[in-house]
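Some notes on the structure that comes next.
The values are calculated or read from the model by the stated rules, or taken from the named source; none is laboratory data. What you see is a predicted model, and the numbers here were worked out from it, not measured in a lab. With ideal geometry, Cβ positions are generated from the backbone for all residues, glycine too; neighbour counts draw on all protein chains shown. Surface areas here come from the heavy atoms of the whole protein model, side chains and all, with no ligands, DNA or RNA. Shrake-Rupley method; radii C 1.70, N 1.55, O 1.52, S 1.80 Å.
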Amino acid sequence: KRDFSQAKRVVAKYEANQVFPRGLGIDWDRESLLTNPRDIYILKSIFEDLPTVAKGLDPQVIDQFRLAAGVMHLWGSDKIAKSLLEGFGELSNKFENIDFARMLWSSAVNKVDLIEYRELANSLGEKKYKVEIDTANDEYVCDACKKLAKKKYPLFSDVPELPHPGCTHACRCGYNLDMGY
């Protein structure tokens, strides 16, 4: 139903009733967990934005992957997401289906990070901050992502989209704010 606030409440209620809820030191009964807009922004981006890596795919197929990405975000795990993607044929020869769902989630998180970095810079009156692109820095990082690694871009310029459209492996890159210190 895309009622993201209600989805957050369901997850929080479930976790609050567990003997061992996930997350160290998280009070799942606190109202502040439900009023944090970051999760809502991420979920809205998952369900409303279409990263370049998903362009041209069947919208009904993408919706199933959006659902899997949203579930991953809410529950902090891909276990349920994997079950939602069972029975789907291989979406890409570049990566597994669960990796594509992770890329949708990553795209949303990266978009929200960039928005938050820009809001912070604006609130501080600072226009010189930069964004650095970080990779997972392991043997699975593809050549397209290696070319972006550690490059810095002015925060208020055209920062390359992540996941990178040219990625040939399940992109795990992210933005890092460089405040020049």
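Descriptive notes on the structure:
- Disulfide-incompatible cysteines by the Cβ rule (no partner under 4.7 Å) in the chain: 142, 145, 173
- Once Rg and the Kirkwood radius are both taken over the C-alpha atoms of the stretch 1-66, their ratio Rg/Rh works out to 1.09.
- Counting all C-alpha pairs of the stretch 111-167, share separated by more than 14 Å (%): 56
- Cα centroid of the stretch 147-181 to Cα centroid of the stretch 1-77, whole Å: 24
- Per residue, the stretch 22-181 exposes an accessible area of 57 Å² to a 1.4 Å probe, with every protein chain left in place.
- Projecting the Cα atoms of 121, 17, 64 onto the charge dipole of the chain (Cβ charges, centred on the Cα centre) puts 121 farthest toward the positive pole.
- For q = 0.17, 0.18 Å⁻¹, Debye-computed log10 I/I(0) when each Cα of the stretch 14-103 counts as one equal scatterer: -0.79, -0.85
- Cα extents for the stretch 80-181 along the principal axes, largest to smallest and rounded to whole angstrom: 51, 27, 20.
- Distant-in-sequence amide H partners of residue 131 (H built 1.01 Å from N, under 5 Å): 153, 155, 178
- Between residue 124 and residue 16, full extension at 0.36 nm per residue minus the direct alpha carbon distance yields a gain of 35.2 nm.
- Net dipole in debye of the stretch 51-105 [+1 Lys, Arg Cβ; -1 Asp, Glu Cβ; about Cα centre; nearest 20]: 160
- Rounded to the nearest whole Hz, the Karplus-based 3J(HN,Hα) values (6.51 cos²θ - 1.76 cosθ + 1.60, θ = phi - 60°) of the stretch 116-130 follow the sequence 5, 4, 5, 5, 4, 4, 5, 5, 8, x, 10, 10, 9, 4, 10, with x at glycine and proline.
- Solvent-accessible area, 1.4 Å probe, carbon plus sulfur percent, for the chain: 51
- When the listed pairs 1/147; 55/130; 1/111; 44/146; 82/151 are checked against a 31 Å cut-off, the alpha-carbon distance exceeds it for 1/147; 82/151.
- Cβ-based charge dipole, the chain, positive-most Cα from 50, 83, 175: 175
- At most 16 other Cβ within 10 Å, DSSP loop - trypsin sites (Lys or Arg not before Pro), the stretch 6-73: 22, 30, 55
- Cleavage-rule hits (GluC sites (Glu not before Pro)) in the stretch 34-92: DSSP loop, at most 16 neighbouring Cβ within 10 angstrom: 86, 90
- The chain - Rg and Dmax from Cα coordinates, angstrom: 17.4, 51
- Rg over Rh, two decimals, the stretch 32-78 (C-alpha only, Kirkwood Rh): 1.03
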